[in-house]
Amino acid sequence: MCNVCTRDVAPVEPQPAKPTPAKPNRTLERMKKKHNISTDPHDEHRQREVAYQPDLLALSTQYSKIAYDLFKQATIKLQETKAFVIATKTPQPLHIALAILVIAVWLTRPGSSSNLRGWRALYVAAVATHLGAQIWMTLISGVVLYFSLPRHEFGRVQTVLFPVYYAFNAVVSLLALLAYFRTQSLTHFQHTSWVQLALLLAVFSIEAYVRLRLVKPMLRAKHIKTQMEEAAGGGQEVGRLVLGELAHCPRYIRVLKTFRAYHSTIAMGTMIALGCSFYSTMIIVDSMCH
């Protein structure tokens, strides 16, 4: 059929199917006659009279369903959090539970006062944990990753680790400071090392200042520097910095100097804190020898 013929032929519209009348339910009709029940879909007053009124059981079931849905949604959100993934799919919680179990068994053994022993255990554990984290991050992890990964990949790793590292160290050093002060309070400051107290306070102050005041602007400058280097096609070298064309860019040089100023200040504070931690450990060794 040609186009002209197609325009001459009127389209046939499909006729809507006629709804088949619903067959009356004979059983329902007999029940209405037996109990003298009259219903009228158009009578709103009559519909309200015969409407179902939920009782206490129905209401409790309804609210139980709402509570169940809320609990199910909260469970789904909990399962999507990082804390739940770490607790259920990594061995770290087992390590923490084992450490707590060992400390509990040690505290309950017969001997001196458990209160004093617990504070001393917290003090020594905090100093040891703090020193171990410093050695690993500063002398092992940072050096190995810098000379093994492309510079930008190493920078992305450090961007994630830096805030967590300094926040963790500040909290642990604060625990060590409070535990040492509490230990000396229980012993009425009989064998107090004021040098140790000053070292712990200095370490906490340095790491808290670095975390609160220096990490964020340093990471901001690093982000701008990384964007400019990626735009120039650099950042893939391992263990060294190649400026290339950016050596003649004044803005890049200003950003680079800002980043290095923050980074050098943080590195200086880290080394001072590391030295204080070593000295604190030696004071603990001297107290054990006496």
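The values are calculated or read from the model by the stated rules, or taken from the named source; none is laboratory data. Given the structure is predicted, the values throughout are model-derived calculations rather than measurements. Cβ coordinates were reconstructed from backbone atoms using ideal geometry, including for glycine residues, and neighbour counts include every protein chain displayed. Just so you know, the surface numbers come from the protein's heavy atoms only, side chains and all, with ligands and any DNA or RNA stripped out. Shrake-Rupley method; radii C 1.70, N 1.55, O 1.52, S 1.80 Å.
Miscellaneous remarks
- Quotient of Cα Rg and 2.2 N^0.38 Å for the range 217-290, N being how many residues it contains: 1.70
- The apolar share of the surface of the range 157-290, taken as the fraction of accessible area on carbon and sulfur atoms (1.4 Å probe, ligands and nucleic acids excluded), comes to 67 percent.
- Length gained when the stretch Ser64-Ala167 is fully extended (0.36 nm per residue, less Cα-Cα span): 32.8 nm
- Modelled spin labels at His152 and Ala198, positioned 7 Å past Cα toward Cβ, are 4.8 nm from each other.
- Note that the range 137-290 carries a Kirkwood radius of 17.7 Å, evaluated over its alpha carbons pair by pair.
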